[in-house]
Amino acid sequence: MLLFYSFLLFINTAQFRAQYDSQNCTYIGRWAYGPCYCVTVEDRIAYFGHGGYLEIVDMSDPENPVKLAKVLTPGGVWDVLVKDNYAYVANGFCGLRVIDVTDPAHPSEIGFIDNIGDANGIAINGNYACIASHLDGLRIIDVTDPANPFEAGFCDTPGDAWKVAVSDHIVHVADREGGLRIFDFANPKSPLEIGYIITPSYANGVAVSGDYAYVSDRDGGFSVINISNPSKPFETGYVTLPAIGWSVAIKGDYAYVADDTSGLQIIDVSNPENPTVHGFLNTEGIAKSVVINGQYAYVADGKTGLCIIDVSDPSAPFEAGLMDMKSSALDVAVNSFYAYVADSSDGLRVIDVSDPASPSEVGYFVTDNAFGVAASGEYVYLANGFDGLFVVRNDLAAFVQEKDRYYTPNCFVLSQNYPNPFNPTTGIRYQLPVKCFVTINIYNTLGQKVAMLIERELTAGYYNLYWDAGEKSTGLYFYHMIVKNDKNILYEKVKKMMLIK
């Protein structure tokens, strides 16, 4: 489930591309037909809210989304989940609506239950829908017969039940001022609260690693919460930070917190019962977001821009590079050689960080009110408070680099991957002076092939590839490049790279 508390937009026509000022970034698409608070995707079909409508759009070609159908519901579409050819809609005061989407082009409502309060969030487990129902707590709905859903049980919560997640028969409810409430609904008729934890303040950032959740909050607190037993979450440690913890990232034994006016705070969490501030660096502005890539922390600072901090020694971090932003850096994502910054009223800024000491802006895509960013491969997803979600392609990270398209290399080169060490994504650059057949494979230390990155004929040029090792284990890997023509091997090279999780 992907939730955007803004407008979700995906229109793609050539005339709209001309409206946006950009460099080395290509506008891919947006959908602009109304306010949206939720979206889920199943088999490349997107189901999302548009006011009171459930919109169904075929996203097989992200550049040309095709509207299949829409269903009018009596309330607002606050959450949606698709399971076994049915869409379950949390419909505010109009309860739970069940939509048959066996044929996504011809959906129809087949059942509903509307006396369960203000349905905000939904999760499905087996034959039951678990509803976070605002001031009416947790509602358990039997959907064995989707055409005739009925309430099997309920349990009130002390706060404002806003969102819900379920695993097996355990339900987790985000209850705002009531904190995190945990229920066992093995007996759906009598769901039982088995645990809860009150967070010190409104949580701004959270990261999970192993048996622990790490929470930074509005009032300058940092909590370590043991979640090994979901029925009994408990705070094992707490440390006070100087300012407001907006964002948290975890790597190894350290937590990295973007702490507003106090910059980057580095917390040793090797002993969960006694987290301690191990190091810090004042970014001289307002640190809003942080990500870790290799030995560097990338901090989006609302005043000073993108701060690149070397954290190879967490007790003595130092600024390795700085890139000023035109507006206010609110969020950052890093993928291979590029950092992507959501720069408020100046939109998306694309920064080449292949040399962290000398970052340089190599592209941009201007929109108003950019506040969130994510990246995957060559695509960047920019959350915009006014205009929704933009999908943008970084043309420099596309298969053939645009900046080099007018130049032909004079030799074969396979470059060292960056970052290295990496977790979990790294980029590999190579160049070809002639048209040839290229194969690049990844091998482990046993000589087993674990991934094939490319096996095809290419023209002369400069290229990027990316490897996502998210499902691989920590260790040494080798990438092997072979270049051939019809008769001979023209070039062969092997390089090492280290995955550290």
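Taking strands (runs of 3 or more DSSP E) that do not extend beyond region 251-326, which have at least 2 residues that are within 29 Å of residue 468 (Cβ to Cβ)?
Those strands (runs of 3 or more DSSP E) span 254-258, 264-268, 287-293, 296-301, 305-310, 318-323.
Between a residue in region 155-180 that is in the same structural domain as residue 133 (by TED's automatic domain parsing) and without any contact (Cβ under 8 Å) to a residue 40 or more places away in the chain and any residue that is in a loop (DSSP other than H, G, I, E, B) and among the acidic types (Asp, Glu), which pairs come within a Cβ distance under 6 Å, given they are 6 or more apart or on different chains? Within 6 Å, the pairs are 157/175; 159/175; 176/160.
Just to be sure, is residue 83 in the same structural domain as residue 122 (by TED's automatic domain parsing), touching a Phe, Trp or Tyr at 6+ places or on another chain (Cβ under 9 Å), at pLDDT 85 or above and not polar (S, T, N, Q)? Can you show your working first?
Numbers: in the same structural domain as residue 122 (by TED's automatic domain parsing): yes; touching a Phe, Trp or Tyr at 6+ places or on another chain (Cβ under 9 Å): no; at pLDDT 85 or above: yes; not polar (S, T, N, Q): yes.
The answer is no for residue 83.
Scan region 452-480 for residues that are part of a strand (DSSP E or B) and either farther than 27 Å from residue 394 by Cα or modelled with pLDDT of 95 or more (or both) and jot them down. Result: 475, 476, 477, 478, 479, 480.
Looking at region 439-484, which of its residues are polar (S, T, N, Q), more than 25 Å from the chain's Cα centre (by Cα) and under 24 Å from residue 294 (Cα atoms)?
Filtering region 439-484 down to residues polar (S, T, N, Q) leaves 439, 441, 444-445, 448, 459, 464, 473-474.
Filter once more, so that each one left must be more than 25 Å from the chain's Cα centre (by Cα): 439, 441, 444-445, 448, 459.
Scanning region 439-484 gives 441, 444, 445.
Of all residues being of a type in the set (A, V, I, L, M) and in contact with a Leu (Cβ under 8 Å, 6 or more places away or on another chain) in region 477-498, which is farthest from residue 338 (Cα to Cα)? Just the residue, please. Working first, answer last.
Initially, region 477-498 is screened for residues of a type in the set (A, V, I, L, M), giving 481-483, 489-490, 494, 497-498.
This time we only want the ones that are in contact with a Leu (Cβ under 8 Å, 6 or more places away or on another chain), so: 481, 483, 497-498.
On the way: 481: 23, 483: 27, 497: 19, 498: 19 Å.
Step by step, filter region 477-498, then rank; the result is 483.
Scanning region 163-192 for residues that are over 24 Å from residue 91 (Cβ atoms), touching a Gly at 6+ places or on another chain (Cβ under 8 Å) and among the acidic types (Asp, Glu) yields a total of 1.
Out of 288, 303, one residue alone is among the charged types (D, E, K, R), surrounded by 21 or more Cβ atoms within 10 Å (Cβ to Cβ) and modelled with pLDDT under 95. It is 288. If only residues of region 236-248 that are part of a strand (DSSP E or B) and modelled with pLDDT of 90 or more are counted, the one that is surrounded by the fewest Cβ atoms within 10 Å (Cβ to Cβ) is 240.
When region 207-235 is examined, which residues are found to be without any contact (Cβ under 8 Å) to a residue 60 or more places away in the chain, crowded, with 17+ Cβ neighbours inside 10 Å and either farther than 30 Å from residue 304 by Cα or of a type in the set (Asp, Glu) (or both)?
Initial filter on region 207-235 (without any contact (Cβ under 8 Å) to a residue 60 or more places away in the chain): 207-211, 213-229, 232-235.
Now narrow it down to the ones that are crowded, with 17+ Cβ neighbours inside 10 Å: 207, 213-217, 220-227, 233, 235.
Hits for region 207-235 are 217, 225, 226, 227, 233, 235.
Condition (residue is in contact with a Gly (Cβ under 7 Å, 6 or more places away or on another chain), farther than 17 Å from residue 426 by Cβ, at pLDDT 85 or above and outside any loop (DSSP other than H, G, I, E, B)) applied to region 336-347: is it met by at least one residue? Yes: one or more hits.
The values are calculated or read from the model by the stated rules, or taken from the named source; none is laboratory data. Keep in mind that this is a model prediction, so the values were computed, not measured. Cβ: placed from backbone, ideal geometry, glycine included. Neighbour counts: every protein chain shown.
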